[in-house]
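Following: one structure in structure tokens, then a few remarks.
Coordinate-derived values only; no laboratory data. Note that the structure is a prediction, hence the values are computed from the model and not measured. Every residue, glycine among them, receives a Cβ derived from its backbone with ideal geometry; neighbour counts consider all protein chains shown.
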Amino acid sequence: MSTLLLFFFRLLIILAPVVLLVGLFKPEWLRLRSKQPDPLMTFVLAAGLFMAGFTGASKTYFSADEGAVEAAKEDVIPTAADYTDRLSAAGCQPGSKPGPTGASDDEETDDGIRFSVRTPTNYKDTVAHPLLVVYAPAGRDREETEEFTHLTREATAAGFIVAYADHRRLSPEETVRLAEIPKAVEAKWCIDRKRVFLTGHSDGGTTTMAIAFFNGTKHIPAAIAPSAVGIRGDDLTDRNCVKPIPVMMMHSRRDKLFPNYGKEAIEWWANCNQCATKKYNLEDRKSLSGKTMRWESYYRHELEQKAKDLKIGQPLPNTAPVQGVEGCVAYSGCKDGVQTWYCEGSGPHPEWPGRNKAMIEFFKAVKTDK
């Protein structure tokens, strides 16, 4: 429903200048109660359409579908976890972690970043839990992000503790501050610091990626699952690779705000993870005429070929479908066997991809005993 409303409000914005132009140059085409409006009335009508469309679109951009919200209310309620396979896991001393069971809504880092925490309803303070930190899209606070992603129930059932962060303006400094949330959670809850996982949508996805490759924060996540990132291949050209890390990149082929950024970003990660990516070998330097290209021509040819390989709708080179996960492909031959996935959706940019189960299973499969 929110997508239809967004389309409607955008239509009003488009209609506003149309009405104004028609009123100025073809006023006979306009009729209000069988009367032709004067220029002032035409201007008021156009301005009203524009303001209604602009206000409605801004309020609807990241609004969830009402039906989906009603159907998913239970998804923001923590549930019990199955601890049978974790009884021998190294944990914490009894009473050493004061964090409460269930929902905690007013947590704060030393830098004043507010976040909420959700634990399994049968939380055991002596068992080291995996932690999932969810970073917010632009304009969302921690409560709205929980309702937007619906990760709480599925994650707590799998034995995760979940933290939802307020949105902060994108900058390197704010990214470093947001990266302090896992440390703040660990101070009060029993966390396995080797199993800290990050996800987020739009600005939250960008934050997730940045934490994973910034020098001062790259040691924090064991794996990441960014969605609708605002980082493209050109932004990563001069960025040094980090050690191989599992990545589940989620992006929509209909994302108009960051078109195709996800494909460009996952190619960078696949190369950093030393996966079997497409190589542009010396043989490719020969043109159709058989003559060797000059380096400038080869470079231009390489860029053109990469653009074709990463074109929207084209399958990523050197990937294969992930069994049982529709829309996801994986690279092979990655160092240490780290999973490197690209999952493509078909919704607009404001829509969460909804691959919660696949994401949780992706994180659960990460090996941390190296």
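For the residue pairs K183/K263; K124/K243; K218/K364; K183/K256; K183/K364; K188/K243, the C-alpha atoms sit more than 26 angstrom apart in K183/K263; K124/K243; K183/K256; K188/K243. Please work out the Cα convex hull volume for the stretch 163-288 and give it in Å³ per residue. In the stretch 163-288, the Cα hull volume divided by residue count equals 129 Å³. Note on L40 and F8: their simple-model spin labels are 3.2 nm apart, each label 7 Å out from Cα toward Cβ.
Rank by packing, highest mean first: peptides 247-260, 36-49, 152-165, with packing defined as the count of other Cβ atoms within 10 Å averaged across residues.
Averaged packing, sorted descending, gives the order 152-165, 247-260, 36-49.
For H129, the residues whose amide H sits under 5 Å from its own are I191, D192, ignoring neighbours fewer than 5 places away on the same chain, with H placed 1.01 Å from N.
What FRET efficiency would be calculated for the residue pair K367, E108, taking the C-beta separation as r and a Förster radius of 45 Å, to the nearest 0.05? Let's see the in-between values first.
Numbers: r = 33 Å, r/R0 = 0.74.
Calculated value: 0.85.
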